[in-house]
Amino acid sequence: MFQLTESLILNEVIFITTFSLIAWGVWRVVLGRLESLAEKTKVTWDNAVIHGIRAPISVLIWCWPATVSLGLVLEDNLNHSLDWLATLKLILLIFVAVWALYRIVSNFEAEVLSHPERDPTTVQAVSKVVRLAVIILGVLTVMQTLGLSLSGLLTFGGVGGLIAGLAAKDLLSNFFGGMMIYFDRPFKVGDWIRSPDRNIEGTVERIGWRMTMIRTFDKRPLYVPNSVFSNIVVENPSRMTNRRIYETIGLRYQDSAKMDKIIADVHAMLKEHPEIDATQTLIVNFNAFGKSSLDFFVYTFTKTVNWVRFHEVKQDVMLQIINIIHENEADIAFPTQTLKVDPAVESAEKQMLNL
């Protein structure tokens, strides 16, 4: 009788395993058909959903029959209650559902970020919040399935949260600092930022829940706690509308009669320059009497904000200013000194040398 029972259980396990194999094969065929149809549609959310549920459904197809087989084997060999096996099946379903939702949200995030016009900082912030909500909902559901009282848990969490908040004050300040960065958006991933209050300058590579990683211009990673950004001034040069050229040029004093013509020519050159934004402030004026030069200044803005291109434009402007000065038969001054000697003193020195 015992051998007959074992034989029946073995046959049932083999049948269940065979059924799982057939179900998995059917699922692969259906999945391939769904992916083929999704590729033909113009929308992209169906691809994210299909790819998100592929692995979780496959795991469910194999694990659910495995729990049934496990129940059959344990029921024959143990005299204890197997109510926990039903709970295990519910936890398996919850795990598969949470896993599938998590993957779908991640796929949506990747799909949205594939479009360059979307703001990656906002997309990542929203996806992180949704994933966190999915995980919390899954954990609470598992606790409810295990028979834990959520009302008591929440009550305990209120007191425990106060204690944890005091113990992890810095961690919470960094968390909320990250939230403020996501919602206020003073900068985003890819922006060049700097702070005059701290030695912080570089390109933002990642904004995490606890810290932000900045790649400095000498390629060193700089990890800044998010709470720091609540207490410092942050400049974001990436959002500049223009870059400024502000230079002072000195002419020789003997070229004073040509100053007015040179200033007019430089002003006209800047207004016609294709890389200079003539709608912004544009000033070229005689500014000061220097120790060895007559100084005029150039104040204008370029159209580009790219750092490398800006210096190329600035170089072209400065070279054209030199050409304008030379075309007016003038020259740029350099530091000089004029020494005046009193004739009487000079005569006395000569007499002393003759003696």
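The values are calculated or read from the model by the stated rules, or taken from the named source; none is laboratory data. On a predicted model such as this, the values are computed, not experimentally measured, just so you know. Note: ideal-geometry Cβ built from the backbone for every residue, glycine included; neighbour counts use all protein chains shown.
Selection of the stretch 137-168 for residues being surrounded by 11 or more Cβ atoms within 10 Å (Cβ to Cβ), modelled with pLDDT of 65 or more and not in a loop (DSSP other than H, G, I, E, B) yields LEU137, GLY138, VAL139, LEU140, THR141, VAL142, MET143, GLN144, THR145.
Within the stretch 273-313, being more than 33 Å from the chain's Cα centre (by Cα), more than 14 Å from ARG244 (Cβ to Cβ) and not hydrophobic (A, V, I, L, M, F, W, C) holds for HIS273, ASN285, ASN287, GLY290, LYS291, SER292, SER293, ASP295.
In the stretch 95-126, the residue that is surrounded by the most Cβ atoms within 10 Å (Cβ to Cβ) out of those that are at pLDDT below 85 and among the small types (Gly, Ala, Ser) is ALA125.
When SER69, SER20, SER36 are checked against the criterion of being of a type in the set (S, T, N, Q), over 30 Å from SER127 (Cα atoms) and at pLDDT 75 or above, a single residue qualifies: SER20.
Which of the residues belonging to the stretch 169-203 are among the polar types (S, T, N, Q) and not in a helix (DSSP H, G or I)? Spell out the reasoning first.
First, pick out the residues of the stretch 169-203 that are among the polar types (S, T, N, Q): 173-174, 195, 199, 203.
Answer for the stretch 169-203, where residues must be among the polar types (S, T, N, Q) and not in a helix (DSSP H, G or I): SER195, ASN199, THR203.
Looking only at the stretch 171-190, decide whether some residue is outside the structural domain of LYS303 (by TED's automatic domain parsing), more than 14 Å from the chain's Cα centre (by Cα) and closer than 28 Å to ILE276 by Cβ. No, every residue in the stretch 171-190 fails to be outside the structural domain of LYS303 (by TED's automatic domain parsing), more than 14 Å from the chain's Cα centre (by Cα) and closer than 28 Å to ILE276 by Cβ.
Summed over the stretch 200-250, the residues that are exposed (fewer than 13 other Cβ atoms within 10 Å of the Cβ) and of a type in the set (Val, Ile, Thr) give a count of 3.
Could you please let me know if VAL266 is under 30 Å from the mean Cα position of the chain (by Cα) and either surrounded by fewer than 14 Cβ atoms within 10 Å (Cβ to Cβ) or hydrophobic (A, V, I, L, M, F, W, C) (or both)? Here the answer is no, as VAL266 does not meet what is asked.
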